[in-house]
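Q: Structure below; questions to follow.
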């Protein structure tokens, strides 16, 4: 009777080890592998990691520097922020670009830099956060990185005089890493 228990304990230990290893692999980024332009300055630590899933909206507008020429212009995001286990922890919307925790705290920010993302995807990005509004998860956030982008690039459909002011939403996903001072 001890033998089956020993096997079960060994199997449970092996399964637990595998799950722990998988959790260790969940981190979707390595700060050292990022382009320098989107690295967070020294003296900061990761405060929260989220995955944003939603849509980016574009509008067909006439180019400011090209009468009679049109382009898709970014209007704003609408996404849910989930933690690494898939639990909803906030939302991302705008304008202005706003990251809001389910506890009601939120931050806005200004883009500092971008670097190319995957083909067909929006760029990765570094944002300088403004002081948080409200107390909670966003309190103390100084920087936000948008990494591991999937989709979200401007629509591939034509943007011309016939489609002026037409809005088009594009699905996307990205990791949002929130940083605070150490």
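Each value in this text was obtained by applying a stated rule to the coordinates, not by laboratory testing. All values derive from a computational prediction rather than experimental measurement.
Q: Determine the percent antiparallel among the DSSP beta bridges restricted to region 62-182, to the nearest 5.
A: Approximately 100 percent, going by the DSSP bridge assignments.
Q: Using the alpha-carbon centroid of each, what span in Å lies between region 74-102 and region 103-136?
A: So the separation of the two Cα centres works out to 10 Å.
Q: Please report Rg (one decimal) and Dmax (integer) in Å for the Cα set of region 69-182.
A: When restricted to Cα atoms, region 69-182 yields Rg and Dmax of 15.4, 52 Å.
Q: How many Å³ per residue does the convex hull of the Cα positions in region 90-147 occupy?
A: 78 Å³
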